[in-house]
Amino acid sequence: MTMLEMLKNTENTEARILEAVEKAHEAHEKLNAVVTFIDPAEQIANLDQYKEGAMAGIPIALKDNVNTKGIRTTASSRILDNYVPIYDATIVKKLREAGAVFIAKTSMDELAMGGTNLTAATGPVLNPYDTNCISGGSSGGSAALVAAGVVPMAIGTDTGDSIRKPASFCNIVGFKPTYGRISRYGIIPYSSSLDHVGTFTRTVKDAALSLEVLAGRDDKDMTSSNRPVENYLAMTKGEVAGKKVAVIKNIVDAIDNQETLACLNNVVEGLKAKGAVVDYVEMDQQLLRAVLPTYFLIANCEATANHSNLDGIRFGNRKEADSSEEIMMKTRTEGLGSQARKRFVIGSYGLFAENQERFFRQAQRVRRLICEDVDRVLNEYDVFIAPASAKGATKLNEPAMDQMSDAYLIVENHMALGNFTGYPSITVPMGMTGGMPIGVNLTGRAFEEGELLNIAQAIEDVMNKVGE
Amino acid sequence: MNYDVVIGIEIHCELKTKTKMFSGAPTSFGMKANTCVNEIDLGHPGTMPAVNKQAVRYAIMACTALNMSVDTLVKFDRKNYYYTDLPKGFQITQQFHPIGSEGYLDIETEAGTKRIGIERLHMEEDTAKQFHLDALTLVDYNRAGTPLVEIVSKPDMTSGKEAAAYVSKLRETLFYLGVSDVKMEEGSMRCDVNISLKPAGSPVYGTKVEIKNLNSISNVQKAVDYEIERQSKIYDEGGKIAQETRRFDEATQTTVTMRLKEGSVDYKYFPEPNIFPIQLDPQWVKGIQENLPELPDQRRARYMNEYGLGSYDANVLISNKELSDFYEEVCKVAKDGKIAANWCISELSGALSKRNETLSTMKLTAAHLGALINMILDKEISGKQAKEVFEDVLEGKDPKEVAAAKGMKQVSDTSAILALINQVLDENPQSIEDFKNGKSRAVGFLVGQVMKKSKGQANPAMTNQLLNEELKKR
């Protein structure tokens, strides 16, 4: 059931929640998607208090980097294995007040550093469509639980494509709104200037409804926006007559998977049939190739500072030693996985006084150029679209791609454009390739979530028609 | 050999805000350890900073009083290092764009007024406080996140006296602004001095030594004077100055090595991504700048112009803001500011120190002291009587009532005094004789006799004058 369907049926809310918990345990056996199960008894007892809420009685899951007061929150890192937050993230308060019921904290790449969910302290999350395949990351556990039908909505975070890629791999809708639309207060960060909070749902309308609950200014997050929250659900109509859609040609050109291209073609023809104007538009190839290295520097420079608090002194999995300096060193060395340590070293290197100008600052300048190129497209088009990936979820032990190829640099990393610009971006299912799901990604203008969701709804409608 | 002394001073000053620089937790001094903290101060995962507007207001006030230009685009940066007193593993500061730049303070020196340049003023957050015991280190996070301004002077000072005068003037200015407690002994104002020597007239600077954490103005002077002597001696003997951080040792009154500076630490400064640059409303800034409280220099000038005080008296009052504020209240009643100043500086200050009290703990009111002063001016009581009345005024009593209860009044009626004088003269023929023989001491004796007869109520000046006239008649 989708969230909207559940909301229509307000009877047996408690049974529905308990059923979700049971399903979560079953799914976890198969998928390894959960870090901590939350006993919903107390929340069930309080259901009446929030029965007028927009998400009353809806069981949901939270990525394990969302702080929950009194409930263990690890960000899938050994260093936070015993961490029990002393405060709630702002979105946790909002969701609770809307009546949502939290049933699980979901697995992720350690500290959200990764795109496979292979680096989680609890091990890989498996894809519900094929347990030999990854769920994608970093929000893999949330994606898997929604795809497995456990919960209609789960919270994820997205720094490069950490919601939108796993959504593509798991055949669900993955949505991150504009930077500043949802408060980040209480979300264990990866990279402050690129991090976004967002949702996994099975439908675009559920994404719209979730945004109405999550969005809004939070004085505790100075980067959050004062813009009024809109009635996104009402704007999600699937009416695209006269809307202008750009397909990024560079990305399509670098894909050789004919199944994926055929899926995209379906989307394009479907939109056209509904009256949209669809053009193939070229972006600067050099800038697109620069997305990944630019992302890697900015994200990890910020991350190395963001995670300097993980020292074992005030919280976390402390490793005892003779001096406080040794405690910090031992705690970090033993508590952090190799991917995290590697990224901290790179970030630290990029920030050194002698390197900062040619690495971190240069990356920020390139980010600006890339954003300007995106703006060039969005000045003419309401959204731009491209396949979220060239292929479905990879096998758990699949060898890495050639990291210097356009097939990798451009096709598998372009969704970071939505993080560089902060613009709203959504992935919607568009079919299957090699027996695995594949999604199409749409990115729109800042704070025009309503328009983005509207066009995404049109694609969902096209797909539903194909399904019939 | 003669050396030029080059001194620059860095001051860290805690701002007197209710809450912390980037969190809503209360600021505190002397509270139970780790009670004034929240998740932000402890650097818990997922926390984010929210800038304290009052701290920005105070920083703007300080910049304005220090004649600095204010950057209305406020930006913050991260200073990265690992230390147990630094919860986040970085300190949020203003490395690249300090809110204030290019100002000055004028100090008084023996050679006249000297202008000391101020390079920058920036906002940042304080660290936690550590207590190193034998077996363990305790950390109190109450101080973590307290708003600070760091004020960096130009290397414009050349002696311990000038350094002390600068710190003293800065301290007084910030105190009058009301932006900080400036208590050096409690650490709400902390002072680091950079000092180097070079051969007189040389364009090349010598090796810089930093003396950290000076906790009083007199120690600033002592430490600098000692350091000048120490460095001169090393240079005289052909030695080299080590680039190091030293501290002032109270016991030996010398500076001692804390640590050598082997290359500078790379703090990997970069802009704080969680605080977008904040464009201050120019009207808001203007409103703050145009409504500064009266600064010490302005008050000093006013005392000298309005009340006719000399610079010494004015300085004594201004150096103690509580007394100075009280003095102003006294002057609202007292008819003569100069006499009011005398009373505040000598009688009142004396009484306070004798009783080991402060103005805030005393029952005394400014209005009563003003009234007492007017009673002297109006010749209702004598100065001597006033001192007696003052003892009760200190206890919160009305001077008029005290004088009446004691039956005090000053006799200034000429005929009444004359009657007493003639009575005394009749009783003391020998003194008249002595006076005629040129023994002027006799007058004093006779005045004393008149005062005694009047029970101290005769106006002494009138008595003296009338007595002289009567003596000449005899």
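Read the figures in this text as sums done on the coordinates, not as results from a lab. Quick caveat: nothing in here was measured; it's all calculated off a predicted structure. For neighbour counting, all protein chains shown are included, and Cβ atoms are generated from backbone atoms with ideal geometry for every residue, glycine included.
Below, the figures for the structure above:
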quantity	calculated
Listed pairs B:LYS338/B:LYS452; A:LYS105/B:LYS88; B:LYS18/B:LYS332; A:LYS94/A:LYS205; B:LYS88/B:LYS154; B:LYS18/B:LYS79 exceeding 23 Å between Cα atoms	B:LYS338/B:LYS452; A:LYS105/B:LYS88; B:LYS18/B:LYS332; B:LYS88/B:LYS154; B:LYS18/B:LYS79
Two-decimal Rg to Rh for the stretch A:317-361 - Kirkwood Rh, Cα set	1.14
FRET efficiency for B:LEU418 and B:LYS338, using Cβ-Cβ distance with R0 set to 30 Å, rounded to 0.05	0.40
Cα principal axis extents for the stretch A:427-466, largest first, Å	36, 18, 6
Given 16 as the ceiling on other Cβ atoms within 10 Å, longest exposed-site-free region of chain B for GluC sites (Glu not before Pro) in DSSP loops	B:1-109
Under 5 Å, built H, 5+ apart or other chain: amide partners of A:GLY238	A:GLN457, A:ALA458
Proximal charge balance of A:PRO40 [Cβ under 14 Å; K/R count +1, D/E count -1]	-1
Tilt relative to chain B, helix B:160-177 - C-alpha long axis, 0 to 90 degrees, to 10	80 degrees
Value of D in µm² per second that Stokes-Einstein yields for the stretch A:113-209, Kirkwood Rh from Cα pairs, at 25 °C (0.890 mPa s)	187 µm²/s
At R0 = 25 Å, FRET efficiency that the Cβ-Cβ distance of A:ASP48 and A:LYS93 yields, to 0.05	0.85
Radius 15 Å from Cβ of A:ILE438, net charge of other residues (Lys, Arg +1; Asp, Glu -1)	-3
Spin-label zone in the stretch B:73-109 - amide nitrogen under 14 Å from a point set 7 Å from the Cα of B:ASP266 along the C-beta vector	B:80-81
Directionally averaged projected area (convex hull, Cα atoms, the stretch B:294-405), nm²	6.5 nm²
Label point distance in nm, A:MET1-B:PHE96, each placed 7 Å from Cα along Cα→Cβ	5.2 nm
Dimensionless Rg/Rh of chain A - Kirkwood Rh, Rg from C-alpha atoms	0.95
Calculated SAXS-style log₁₀ I(q)/I(0) at q = 0.06, 0.07, 0.14 Å⁻¹ - chain B, Debye, Cα scatterers	-0.42, -0.54, -1.35
For the stretch A:234-313 and the stretch B:65-84, distance of Cα centres in Å	38 Å
Modelled label reach - A:GLU269, point 7 Å along Cα→Cβ, the stretch A:238-252 residues with backbone N closer than 17 Å	none
Difference of contour (0.36 nm per residue) and Cα-Cα distance, A:GLU230 to A:THR333	32.5 nm
Cβ neighbours within 10 Å from other chains - mean over A:299-312	5
Length gained when the stretch B:LYS183-B:ASN213 is fully extended (0.36 nm per residue, less Cα-Cα span)	9.5 nm
Options A:PRO387, A:VAL277, A:THR443, ranked by Cα towards positive dipole end of chain A, top entry (Cβ charges)	A:THR443
Mean-position separation - Cα centroids, the stretch B:388-429 and the stretch B:291-325, in angstrom	35 Å
Simple spin-label estimate for B:ASP71 and B:ASP297 in nanometres, 7 Å along Cα-Cβ	2.5 nm
Alpha-carbon gyration tensor eigenvalues x 5, square-rooted, for the stretch B:3-282, Å	32, 23, 18
Cα long-axis angle, helix B:414-427 against chain B (0 to 90 degrees, to the nearest 10)	70 degrees
Under 20 Å from the A:LEU18 label point (7 Å along Cα→beta-carbon), backbone N, the stretch A:95-113	A:100-104
Separation of the B:THR35 and B:ILE278 label points, Cα + 7 Å toward Cβ, nm	2.9 nm
Where trypsin sites (Lys or Arg not before Pro) fall in DSSP loop in the stretch A:7-101, at most 13 other Cβ within 10 Å	A:LYS51
Förster radius 22 Å - calculated FRET efficiency between B:LYS161 and B:THR245, Cβ distance, rounded to 0.05	0.40
Gained length - B:ASP4 relative to B:ARG355, 0.36 nm times residue gap less alpha-carbon distance	121.7 nm
Averaged over A:344-352, number of beta-carbon atoms from partner chains that fall within 10 Å	2
